[in-house]
Amino acid sequence: MFSLRACVLTALFASRTLAAPTSPATRDTNGEGLLVQTSSGPIQGFFNQTAPNVRQFLGVPFAEPPVDDLRFSSPVKKQPNGTVNALALPPSCIQQTSNSSSIYTTYETGFLISGGDSEDCLYLSIWAPRVESIQSQQRPLPVLLYIPGGGFTSGGEASLYKIPDKWVQRTQSHIVVVMNYRVNVFGFPNAAGLTEQNVGFLDQRLAVEWVEDNIANFGGDPARITLWGQSAGAGSVTAYSYGYPENPIVAALIADSGAPGIIDNEDYAHTNFTFLAGLVGCSGLDSTEEISCVRNVSARTLQTALSTYSGSPSISFKPAVDNITAFANWTERAIEGKVARIPLLTGSNANEGAGFVSFTPNGPGEATLFNLTESIIACPVAEEVKNRNLGGLTTYRYQYAGNFSNISPLSWFGAYHSSELPLLFGTHYEYGGPSTQYEWDVSYAMEALWLSFAEDPSRGPVRLAIGDAAPNPNNSSYFSWPAFEQGSSNMLLFAEGDTLMQLVGSERIDDYCTGL
């Protein structure tokens with residue numbers, strides 16, 4: 001395979017010119033690394049005043065628009081077609097909408113997407129330090145490639161709490177890439193007339209391949225890509241390791257609040273797609289004709305039909321077991337070694353359930369919240385940790401318990417689903433009020449561990465203490481996070497009460513999970 005990596009990496013570390021220009025239209029005239037050659041064509045980025053030392057490339061196409069005959073099909077690699085002005089976040093992939101209230105719609109809208117949605121959505125965005133910062137490093141930078149969550153029905157990279165510019169601005173030592181991928185029926189159609197049922201997962205794979213082929217041009221290390229996701233993104237990350245056991249491309253995995261066990265589509269007869277086809281005027285057709293007919297229905301018509309239908313039977317479109325990208329026998333595959341042998345950092349939040357209930361001022365009560373926390377997220381994560389232990393795979397496990405008023409304005413919110421993300425992305429102080437010093441300490445500690453894991457996955461996450469205000473669990477100046485084993489006290493607990501980090505046993509979660 002021809003790679004742009006070698007020639008551009010040499011240029012990046014030897015001078016401030018990223019690639020030899022072929023015409024004035026593709027020349028980086030200021031030598032600031034804002035025009036980068038890629039397999040999708042030249043990409044024009046920018047600086048802004050809020051993160052003046054971060055090169056931003058927002059809305060970089062990695063696939064052809066998945067429209068017309070490409071709707072429901074495997075993604076097709078983007079072909080160059082002139083310079084891409086990557087100056088704004090792209091629209092999210094077309095969403096399944098809902099009128100229900102939640103803590104996100106009522107209080108924490110920074111987790112929702114902004115900027116609208118579109119069927120033409122297969123773009124990624126890149127945040128990278130200035131060229132001179134990269135040149136000062138001894139090697140290309142580690143890369144965090146993030147898959148957003150959204151229950152496989154919604155979500156995308158244009159989400160305010162999950163913009164990493166301030167984090168990259170502060171460290172100048174890593175690159176963050178965030179991808180879009182198709183969701184709901186557009187990404188997981190599970191139709192009888194299709195060969196590929198989980199094309200949203202194939203979008204994710206193509207994004208990984210694009211980053212491998214091109215990230216060196218931005219100063220990143222293609223040998224140090226960590227695939228990171230949260231919620232459905234975490235389910236995607238962990239499923240990915242089973243889908244590509246021999247060639248994962250990435251060096252490590254991070255899965256926040258998600259696991260393969262959250263993939264539970266049992267529509268083996270493909271009835272959901274046929275029912276939706278009937279709602280949009282494509283009923284009574286054979287499987288091939290059905291696909292052709294639905295491809296000719298407007299995306300907005302499909303979105304409206306999917307989002308407003310609330311009858312019987314219930315229909316949903318999420319990843320289906322295809323024995324290619326998603327499986328029914330995760331445990332067996334782990335034991336048999338049919339999984340990528342790369343390390344995983346994973347965990348869950350102490351009050352995940354608060355993110356899965358309709359909003360009421362006083363909440364549904366502690367028992368309901370705990371049961372939802374365990375059943376929806378914590379126990380599936382625990383099950384995957386156990387599977388990896390059975391397979392002899394290195395795994396680092398955490399629980400996040402932070403309850404900060406600018407992220408959780410009502411006390412019953414606590415460490416709800418997604419609430420750790422503003423601390424990891426460094427956006428916790430931007431939208432709900434200023435952060436306490438303790439909240440900053442927790443944020444810095446988590447960022448340091450996630451980043452150190454990406455820097456050297458074989459070493460594992462490590463952290464230096466930051467003064468007396470942020471001690472490490474062993475009260476030393478250096479903390480090395482131990483790998484988790486069943487029955488050990490090596491689960492790292494963040495921000496419970498006024499304790500920044502502590503190593504604890506996992507029985508606080510696992511004792512309530514059937515089969516563990």
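The values are calculated or read from the model by the stated rules, or taken from the named source; none is laboratory data. Because the structure is a prediction, the values reported are computed rather than measured. FYI the Cβ positions are ideal-geometry reconstructions off the backbone, even for glycines, and counts take in every protein chain you see.
Structure above, values below:
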item	result
Any hit, segment 215-230, residues being surrounded by 24 or more Cβ atoms within 10 Å (Cβ to Cβ), in the same structural domain as GLU132 (by TED's automatic domain parsing), of a type in the set (S, T, N, Q) and out of contact with any strand residue (DSSP E or B) (no Cβ under 7 Å at 6 or more places or on another chain)	no
Residue in segment 63-82 that is among the polar types (S, T, N, Q), at pLDDT 95 or above, in a strand (DSSP E or B) and out of contact with any Leu (no Cβ under 6 Å at 6 or more places or on another chain) present	no
When residues of segment 372-401 are limited to those that are within 17 Å of PHE356 (Cβ to Cβ) and in contact with a Cys (Cβ under 8 Å, 6 or more places away or on another chain), the one surrounded by the most Cβ atoms within 10 Å (Cβ to Cβ)	ALA378
Residue within segment 264-274 that is in a helix (DSSP H, G or I) and within 20 Å of PHE201 (Cβ to Cβ) present	yes
Candidates SER98, SER73, filtered to the one that is polar (S, T, N, Q), within 28 Å of GLY151 (Cβ to Cβ) and buried (at least 17 other Cβ atoms within 10 Å of the Cβ)	SER73
Of all residues in segment 407-423 being in contact with a Phe, Trp or Tyr (Cβ under 7 Å, 6 or more places away or on another chain) and buried (at least 17 other Cβ atoms within 10 Å of the Cβ), the one that is farthest from ALA255 (Cα to Cα)	SER408
Qualifying position, being basic (Lys, Arg) and either touching a Lys or Arg at 6+ places or on another chain (Cβ under 7 Å) or more than 22 Å from ASP264 (Cβ to Cβ) (or both), among ARG341, ARG333	ARG341
Flag for SER283 being surrounded by fewer than 20 Cβ atoms within 10 Å (Cβ to Cβ) and part of a helix (DSSP H, G or I)	no
Test: residue in segment 322-340 that is surrounded by 13 or more Cβ atoms within 10 Å (Cβ to Cβ), farther than 30 Å from THR226 by Cα and touching a residue at least 12 places away in the same chain (Cβ under 8 Å)	no
Check on ALA305, outside the structural domain of GLY229 (by TED's automatic domain parsing), part of a helix (DSSP H, G or I) and not β-branched (Val, Ile, Thr)	no
Given (1) closer than 24 Å to GLU439 by Cβ; (2) surrounded by fewer than 16 Cβ atoms within 10 Å (Cβ to Cβ); (3) at pLDDT 95 or above; (4) not basic (Lys, Arg), number of the condition ASP456 does not satisfy	(1)
Residue, farthest from LEU124 (Cα to Cα), within segment 37-62, restricted to residues that are of a type outside the set (S, T, N, Q) and part of a loop (DSSP other than H, G, I, E, B)	PRO52
Among the candidates GLY115, GLY45, GLY59, residue that is within 25 Å of THR427 (Cα to Cα), at pLDDT below 95 and surrounded by 14 or more Cβ atoms within 10 Å (Cβ to Cβ)	GLY115
Members of segment 83-111 that are touching a Gly at 6+ places or on another chain (Cβ under 9 Å) and assigned to a loop (DSSP other than H, G, I, E, B)	THR83, ALA86, ALA88, LEU89, PRO90, PRO91, GLN95, GLN96, SER102, TYR107, GLU108
Cβ-Cβ under 7 Å pairs, at least 6 apart or on other chains, segment 32-48 side at positive phi and outside the structural domain of PRO222 (by TED's automatic domain parsing), far side surrounded by fewer than 17 Cβ atoms within 10 Å (Cβ to Cβ) and among the polar types (S, T, N, Q)	GLY41/ASN81; GLY41/THR83
Selection within segment 202-214 - closer than 30 Å to GLU352 by Cα and crowded, with 24+ Cβ neighbours inside 10 Å	ASP203, GLN204, ALA207
Test: GLY497 is at positive phi and either touching a Lys or Arg at 6+ places or on another chain (Cβ under 6 Å) or at pLDDT 95 or above (or both)	yes
Hey, LEU227 part of a helix (DSSP H, G or I), touching a residue at least 12 places away in the same chain (Cβ under 8 Å) and of a type outside the set (Phe, Trp, Tyr) or not	no
Residue check, GLY235 buried (at least 22 other Cβ atoms within 10 Å of the Cβ), in a helix (DSSP H, G or I) and outside the structural domain of TYR400 (by TED's automatic domain parsing)	yes
Hits in segment 488-504 (condition: outside any strand (DSSP E or B) and among the charged types (D, E, K, R))	ASP498
Any helices (runs of 4 or more DSSP H) falling wholly within segment 126-221 and containing at least 2 residues that are in contact (Cβ under 8 Å) with a residue 24 or more places away in the chain and among the small types (Gly, Ala, Ser)	199-214
